[in-house]
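Below is one structure, written out as structure tokens, with a few remarks after it.
The values are calculated or read from the model by the stated rules, or taken from the named source; none is laboratory data. All values derive from a computational prediction rather than experimental measurement. FYI the Cβ positions are ideal-geometry reconstructions off the backbone, even for glycines, and counts take in every protein chain you see. To get the accessible areas, we keep the full protein, side chains included, count just its heavy atoms, and leave off ligands, DNA and RNA. Shrake-Rupley method; radii C 1.70, N 1.55, O 1.52, S 1.80 Å.
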Amino acid sequence: MQTHDERRELDLRRGVSTRHVTLIGPQGRQLSVVQRSFVSLHDPHLAVLETTIRAIGWSGPVTLSAGIDAGVRNTNVAAYIGSDSTHLTSPTFTRVGDTLLCEVETRNSRIRVATALRVDFTGADAARPREVREAGRQLSTTVELELTEGRPATLTKTASIFTSRDSAIASPGTAAVERLQVLAGDTEGELHRHEAAWERLWERFAITIEADPRSQLVLNLHLFHLLQTLSPHSADLDAGVPARGLHGEGYRGHVFWDELFVLPVLGPRTPHVARGLLNYRWRRLESARAAARATGLPGALFPWQSGSDGREETPHELYNPRSERWMPDHSRRQQHVGLAVAYNAWRHYQVTADRDWLAERGAELIIGD
């Protein structure tokens, strides 16, 4: 089908994304599509995608499919051509009543990831029985709706995601299914709870400046992206600041020194989030000390690219898509990360006056050993 008049909207105050598009199919039939999506700030395990369709100038059947694609690969960065882009094991699919469950593992770190999906249909005149189909790494459910011209029909996908690193769960799969059962299809209620949580957070971060509206909008858009990656929910995670946040595959999700740029924003407003980011560095201090000893130096040598255990993750070679050649990657020689970590620790103490944290962890980051 062809697309026409596509428009995307992002509501910074509500944390909701909306897509408007007209689809043109056989015989020129048109279908109006409005998609509304959000990842709940109230419950970070929940995500909702609501798709509303309307037939324009015709009535008749339409087939809709929704499901889980566990075959996703990281293939959007040309410079990573030749790298292994498949990071998940083969999925295990299960049906639990009306819920679809997908369970996989990350191939290297063996973190188990479970995604449970509930699909609801409303507003159609008739719907044939659903068909659930498994094809390779995909599991989908299909339904035929009988549309009446101008009358909307809505498909709502509600996903619940847990991993084996989440606390207070028996298993990721059990937790994902139970979370959808507790929600009981109340996606409108979850939207209201999400909006309320987002409003409370946005009140702390939104910027008003004496400038043209576009400049203010751009600044607030950057803050929105920051809070999508680092929110109060990330305070207790053992995570750093990924260089591209959650908005791109560049840098492979590794942690560089970007906390230097975001801690001045997070620290005064959400000091517990800033402390969590610094604790990520403190937990990897022994790896940094080992790296320093390997080069014959005292102190701590934090890596240019850090991952789960704090070792240097910078590749030795990088593909150049322009010359189509592999070239040495010397960026690991940038050893100023340690200075940034020490500076961030001292600034955090200046902002919070948290002497206990300084004595227990911060001073070690500043001094090194």
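Scanning region 217-236 for residues that are without any contact (Cβ under 8 Å) to a residue 60 or more places away in the chain and among the small types (Gly, Ala, Ser), which turns out surrounded by the fewest Cβ atoms within 10 Å (Cβ to Cβ)?
Filtering region 217-236 for residues that are without any contact (Cβ under 8 Å) to a residue 60 or more places away in the chain and among the small types (Gly, Ala, Ser), the one surrounded by the fewest Cβ atoms within 10 Å (Cβ to Cβ) comes out as Ala235.
Quick one: what pairs do we get from region 242-258, first residue at positive phi and assigned to a loop (DSSP other than H, G, I, E, B), second of a type outside the set (A, V, I, L, M) and open to solvent by less than 40 Å² (accessible area, probe 1.4 Å), C-beta under 9 Å, 6+ apart or different chains?
Taking only residues 6 or more apart or on different chains, the pairs are Gly245/Thr229; Gly245/Asp258.
Filtering region 4-29 down to residues that are closer than 28 Å to Glu188 by Cβ and among the polar types (S, T, N, Q), which residue is farthest from the chain's Cα centre (by Cα)?
Step by step, filter region 4-29, then rank; the result is Thr22.
Go through region 86-110 and count every residue that is farther than 27 Å from Gly185 by Cα, touching an Asp or Glu at 6+ places or on another chain (Cβ under 9 Å) and either open to solvent by less than 40 Å² (accessible area, probe 1.4 Å) or of a type in the set (Asp, Glu) (or both).
Counting residues in region 86-110 that are farther than 27 Å from Gly185 by Cα, touching an Asp or Glu at 6+ places or on another chain (Cβ under 9 Å) and either open to solvent by less than 40 Å² (accessible area, probe 1.4 Å) or of a type in the set (Asp, Glu) (or both) gives 1.
Can you tell me which residues in region 133-152 are of a type in the set (A, V, I, L, M) and over 13 Å from Thr92 (Cα atoms)?
Val143, Leu145, Leu147
Show the residue pairs that are 6+ apart or on different chains and have beta-carbon atoms under 6 Å apart, the first residue being within region 133-160 and of a type in the set (Ser, Thr, Tyr), the second being surrounded by fewer than 16 Cβ atoms within 10 Å (Cβ to Cβ) and outside any loop (DSSP other than H, G, I, E, B).
The qualifying pairs are Ser140/Ser65; Ser140/Arg133; Thr141/Val132; Thr142/Ser65; Thr142/Glu131; Thr154/Thr122; Thr156/Asp120.
Select, from Leu277, Leu260, Leu246, the only residue that is open to solvent by 70 Å² or more (accessible area, probe 1.4 Å) and in contact with a helix residue (DSSP H, G or I) (Cβ under 6 Å, 6 or more places away or on another chain).
Of Leu277, Leu260, Leu246, the one residue that is open to solvent by 70 Å² or more (accessible area, probe 1.4 Å) and in contact with a helix residue (DSSP H, G or I) (Cβ under 6 Å, 6 or more places away or on another chain) is Leu246.
Does Ala239 fit the bill of being touching a Leu at 6+ places or on another chain (Cβ under 8 Å), closer than 25 Å to Gln350 by Cβ and open to solvent by 40 Å² or more (accessible area, probe 1.4 Å)?
For Ala239, the condition - touching a Leu at 6+ places or on another chain (Cβ under 8 Å), closer than 25 Å to Gln350 by Cβ and open to solvent by 40 Å² or more (accessible area, probe 1.4 Å) - is not met.
Mind telling me which of the residues Val48, Val72, Val34 ends up being within 28 Å of the chain's Cα centre (by Cα), modelled with pLDDT of 95 or more, surrounded by fewer than 17 Cβ atoms within 10 Å (Cβ to Cβ) and under 30 Å from Glu249 (Cβ atoms)?
Just a single option satisfies the conditions, and that option is Val34.
Yes/no per residue for (1) within 24 Å of Tyr251 (Cβ to Cβ); (2) surrounded by fewer than 11 Cβ atoms within 10 Å (Cβ to Cβ); (3) in contact with a Phe, Trp or Tyr (Cβ under 7 Å, 6 or more places away or on another chain):
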{"residue": "Gln305", "(1), (2), (3)": "yes, no, yes"}
{"residue": "Pro321", "(1), (2), (3)": "yes, no, no"}
{"residue": "Arg325", "(1), (2), (3)": "yes, yes, no"}
{"residue": "Asp329", "(1), (2), (3)": "yes, no, no"}
{"residue": "Tyr343", "(1), (2), (3)": "yes, no, no"}
{"residue": "Asp354", "(1), (2), (3)": "no, no, no"}
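For region 200-216, check the following and say yes or no: at least one residue is among the hydroxyl-bearing types (Ser, Thr, Tyr), in a helix (DSSP H, G or I), surrounded by fewer than 17 Cβ atoms within 10 Å (Cβ to Cβ) and more than 21 Å from the chain's Cα centre (by Cα).
Yes, that holds for at least one residue.
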